[in-house]
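In what follows, a single structure is set out as structure tokens and then discussed.
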Amino acid sequence: MVYIPDEMEMQGDFSDIPLLLDPKLLRMARRIYRSYCVLHPRSSRRPLGIAIHKETHRGQLMFNNKPILLPGECFVPVKQLETEVR
């Protein structure tokens, strides 16, 4: 389950507040991120996070500062993924 705040609530910087994500989504996002780290160990490009679809669990690495999400997708920041990967 993902909580998405209203525009009124998003006026401040909430980067330190942890997101409440479905554990299954986190597991799939970690798997995608781990695959990227294994296949590109010396890459200078570091993703900011992963956009993952809530139903199909298909995900894509996001390198842009302002990711654009499709309907049904949520964003998982790398900070949340690196705690167990490294």
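The values are calculated or read from the model by the stated rules, or taken from the named source; none is laboratory data. The structure presented is a predicted model; accordingly, all values stated were derived computationally and were not measured. Here Cβ is always computed from backbone atoms with ideal geometry, including for glycine, and neighbour counts include all displayed protein chains.
Filtered by the rule that a residue be at pLDDT below 90 and of a type in the set (Ser, Thr, Tyr), segment 40-86 gives Ser43, Ser44, Thr83.
Just one of the listed residues (Pro77, Pro47) is in contact with a Ser or Thr (Cβ under 9 Å, 6 or more places away or on another chain), surrounded by 13 or more Cβ atoms within 10 Å (Cβ to Cβ) and on the phi < 0 side of the Ramachandran plot, and it is Pro77. Among the residues here, His53 qualifies as crowded, with 17+ Cβ neighbours inside 10 Å and not β-branched (Val, Ile, Thr).
Based on this model, can you work out whether Pro18 counts as over 15 Å from Glu73 (Cα atoms) and either modelled with pLDDT of 90 or more or assigned to a helix (DSSP H, G or I) (or both)?
no
Residue-wise test of (1) closer than 16 Å to Leu25 by Cα; (2) in contact with a Gly (Cβ under 6 Å, 6 or more places away or on another chain); (3) not β-branched (Val, Ile, Thr).
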{"site": "Ser43", "(1), (2), (3)": "no, no, yes"}
{"site": "Leu48", "(1), (2), (3)": "no, no, yes"}
{"site": "Ala51", "(1), (2), (3)": "yes, no, yes"}
{"site": "Lys54", "(1), (2), (3)": "yes, yes, yes"}
{"site": "Arg58", "(1), (2), (3)": "yes, no, yes"}
{"site": "Met62", "(1), (2), (3)": "yes, yes, yes"}
{"site": "Lys66", "(1), (2), (3)": "no, no, yes"}
{"site": "Glu73", "(1), (2), (3)": "yes, no, yes"}
{"site": "Pro77", "(1), (2), (3)": "yes, yes, yes"}
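Filter segment 62-72 down to the residues that are in contact (Cβ under 8 Å) with a residue 12 or more places away in the chain, surrounded by fewer than 19 Cβ atoms within 10 Å (Cβ to Cβ) and touching a strand residue (DSSP E or B) at 6+ places or on another chain (Cβ under 9 Å) and list them by number. Pro67, Leu69, Leu70, Gly72, listed by residue number.
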